[in-house]
Amino acid sequence: MSATVSLQQLTDQLQALESQAAAEISTASTAAELEELRVGLLGKKGRLSGVLGAMGKLPGDERPLIGQRANVLKEQVQALLGERLTAVKSAAMAERLAGETIDVTAACSFTPPGHRHPLISTIEEIVDIFAGLGYRVSEGPEIESDYYNFTALNIPEHHPARDMQDTFYLGDSQLLRTHTSPVQIRYLENNPPPVRVIAPGRVYRRDAVDATHSPVFHQVEVLAIDEGLDFSHLRGTVTAFLQQFFGDLPVRFRASYFPFTEPSAEVDVQWRGRWLEVMGCGMVDPAVLTGMGLDPERWSGFAAGLGVERFCMVRHGIDDIRRLYTSDLRFLEQF
């Protein structure tokens, strides 16, 4: 015969199970432990099911009492499991946040990747084109002497051309160079012809700041000295360079004047429907060659010079030279 079970016994078992469940749930520290407790308490083979399995041995009028008590216990256990799971997840998140705390007041150690300033990239492109034509690159000091900046270039003291290149003087004979032509003189002193050299660099003049003028700007000067060079070589070189830089555009030469070249010319390109002046050039004046100890009967040459800012502004459609010097990232990040 099967053992008999009383209503009181099942009630006591449910009461004990309630106490055990509350204690075990309160000590669980992970979501996995809570899931294991849920299955062990409320699953098909769980402890609550074991108590309910004995309910069939009770008289018919007592079974609803045990069933009602079991449902209350089941709801209590589910509520305790939910509360504890929320607490466990909150504790885990708090621990993770504490371990990953970032001091927002600390200095940033990340340096975003940069890129070439539009002036630098323009200079590099110009240098690449002339390097492809066989020219070397030479650089010189930005603080020059009066001799290299003016006198050696056929611009003696009190010459009217000095007024066009008024600069910043650092003493009686020291000044901030007004062009990179002094680099060509220095190069010729140490390198006998034939020579083909370009001189990129920063130059200074006492110009009022406006949309097209700046007291600080960049130039690239070109010099070729060899036997038998004439204006056709100058024209071919300049045209090849300009069409390489701007594209296959019409180029024209207009007579002009520079103290260190004779004859001299201004060069225009037809850009977007209008003629635009972009550089100056000319054959090296024999007086400059003589001053360098070269025989103008044997040697001849040509020179050209351009403003990098002008080329950069034309290429990118920049309307104000000052934008190139404000360090405004909203502007610079476009290039």
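The values are calculated or read from the model by the stated rules, or taken from the named source; none is laboratory data. Everything numeric in this text was worked out from a predicted model, so none of it was measured. Note: ideal-geometry Cβ built from the backbone for every residue, glycine included; neighbour counts use all protein chains shown.
For Pro160, the criteria (1) modelled with pLDDT under 90; (2) surrounded by 13 or more Cβ atoms within 10 Å (Cβ to Cβ); (3) out of contact with any helix residue (DSSP H, G or I) (no Cβ under 6 Å at 6 or more places or on another chain) hold in every case but one, which is (2).
Select from region 171-209 the residues that are in a helix (DSSP H, G or I) and of a type in the set (A, V, I, L, M, F, W, C) and write down the one among them that is nearest to the chain's Cα centre (by Cα).
In this case the residue turns out to be Val183.
Checking every residue in region 178-196 against the condition of being over 20 Å from Phe130 (Cβ atoms), buried (at least 20 other Cβ atoms within 10 Å of the Cβ) and touching a helix residue (DSSP H, G or I) at 6+ places or on another chain (Cβ under 9 Å) gives at least one match. With respect to the conditions (1) among the small types (Gly, Ala, Ser); (2) in contact with a Ser or Thr (Cβ under 9 Å, 6 or more places away or on another chain); (3) surrounded by fewer than 20 Cβ atoms within 10 Å (Cβ to Cβ), Gly293 lacks only one, and its number is (2).
Scanning region 134-156 for residues that are assigned to a helix (DSSP H, G or I) and touching a Lys or Arg at 6+ places or on another chain (Cβ under 7 Å), we see that the one that is nearest to Val203 (Cα to Cα) is Asn149. Taking (1) within 29 Å of Tyr325 (Cα to Cα); (2) surrounded by fewer than 19 Cβ atoms within 10 Å (Cβ to Cβ) in turn, Val222 satisfies each apart from (2). Does at least one position in region 311-323 carry a residue that is part of a strand (DSSP E or B) and in the same structural domain as Arg252 (by TED's automatic domain parsing)? No; the residues of region 311-323 include none that is part of a strand (DSSP E or B) and in the same structural domain as Arg252 (by TED's automatic domain parsing).
When Thr212 is tested against (1) polar (S, T, N, Q); (2) more than 32 Å from the chain's Cα centre (by Cα); (3) not in a strand (DSSP E or B), only condition (2) is not met. When Ala131, Ala70, Ala28 are checked against the criterion of being of a type in the set (A, V, I, L, M, F, W, C) and in contact with a Lys or Arg (Cβ under 7 Å, 6 or more places away or on another chain), a single residue qualifies: Ala28. Among the residues making up region 113-133, those that are exposed (fewer than 12 other Cβ atoms within 10 Å of the Cβ) and within 17 Å of Asp328 (Cβ to Cβ) are Gly114, His115.
Pairing residues of region 231-250 that are without any contact (Cβ under 8 Å) to a residue 60 or more places away in the chain with residues that are part of a helix (DSSP H, G or I) and not hydrophobic (A, V, I, L, M, F, W, C), at Cβ distances under 9 Å and at least 6 apart in sequence or on separate chains, gives Leu249/Gln243. The test for being more than 30 Å from Arg47 (Cβ to Cβ), outside the structural domain of Leu223 (by TED's automatic domain parsing), assigned to a helix (DSSP H, G or I) and within 48 Å of the chain's Cα centre (by Cα) does not hold for Glu125.
Looking only at region 79-89, decide whether some residue is at pLDDT below 80, surrounded by 15 or more Cβ atoms within 10 Å (Cβ to Cβ), assigned to a helix (DSSP H, G or I) and out of contact with any strand residue (DSSP E or B) (no Cβ under 7 Å at 6 or more places or on another chain). Scanning region 79-89, I find no residue that is at pLDDT below 80, surrounded by 15 or more Cβ atoms within 10 Å (Cβ to Cβ), assigned to a helix (DSSP H, G or I) and out of contact with any strand residue (DSSP E or B) (no Cβ under 7 Å at 6 or more places or on another chain), so the answer is no.
The set of residues in region 240-263 being in a strand (DSSP E or B), surrounded by fewer than 19 Cβ atoms within 10 Å (Cβ to Cβ) and not hydrophobic (A, V, I, L, M, F, W, C) consists of Arg252, Arg254, Ser256, Tyr257, Glu262, Pro263.
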